[in-house]
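Inspection log for the structure reproduced underneath, given as structure tokens.
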């Protein structure tokens, strides 16, 4: 199966993606050679794109440990990344859930085709998470967040923790696969507050039970309640 994947990637000219798959297959891969191949795969990109091909200290450490760092290393990562979180100046962590819903649904930004610099980036949250019970298309790489606010009883301290997790996931879970939306400049402080509202506002669709036709049982997957978010978890 992996051989077929590599051949497919190669036929599409996706040398960078093929290199990553090869690296996963061979733990003895030359990392310097792999990085060089990645750079050569995008020869005409802008300086901003080129910089994204160079891992920072956290990414380099996570790669070294295969995203499974020992506790002492994980603690260093979380402490370092926590210093990079910028809190809202007004001290509030919940914005407008309606704007948050639009941000969660939007995948715009950071792609080669996204050339409109005036258009705000989206969070593309549904690519990894289930959120609103009425949305039928969602990814499962991340946990289900359906009913998130209800699970956390709409507690103010949970709103701050959600903000910090979205702003810089590495400050909460070392080597998290979730993007560092705030630290990496993908989303603004206000956008992150709107996403927090989408998860935590009682009026948000995320915290509303779907209407089930009379006499029919719910059969959708992802029906388990979201796990409780805790610092360092």
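The values are calculated or read from the model by the stated rules, or taken from the named source; none is laboratory data. Predicted model, so just to flag it, every value in this text is computed and none were measured. FYI the Cβ positions are ideal-geometry reconstructions off the backbone, even for glycines, and counts take in every protein chain you see.
Restricting to segment 70-92, name every residue that is part of a helix (DSSP H, G or I) and closer than 16 Å to residue 183 by Cβ.
Answer for segment 70-92, where residues must be part of a helix (DSSP H, G or I) and closer than 16 Å to residue 183 by Cβ: 77, 78, 79, 80, 81, 82.
So which residues in segment 140-154 are part of a loop (DSSP other than H, G, I, E, B) and under 21 Å from residue 176 (Cβ atoms)?
If the condition is that a residue be part of a loop (DSSP other than H, G, I, E, B) and under 21 Å from residue 176 (Cβ atoms), then 140, 141, 142, 143, 144, 145, 146, 152 are the ones that fit.
Looking for something under 13 Å from residue 192 (Cβ atoms) and outside the structural domain of residue 50 (by TED's automatic domain parsing) - is there at least one such residue anywhere in segment 132-143? Full working, then the answer.
Let us first name the residues in segment 132-143 that are under 13 Å from residue 192 (Cβ atoms), namely none.
Looking through segment 132-143, none of the residues is under 13 Å from residue 192 (Cβ atoms) and outside the structural domain of residue 50 (by TED's automatic domain parsing).
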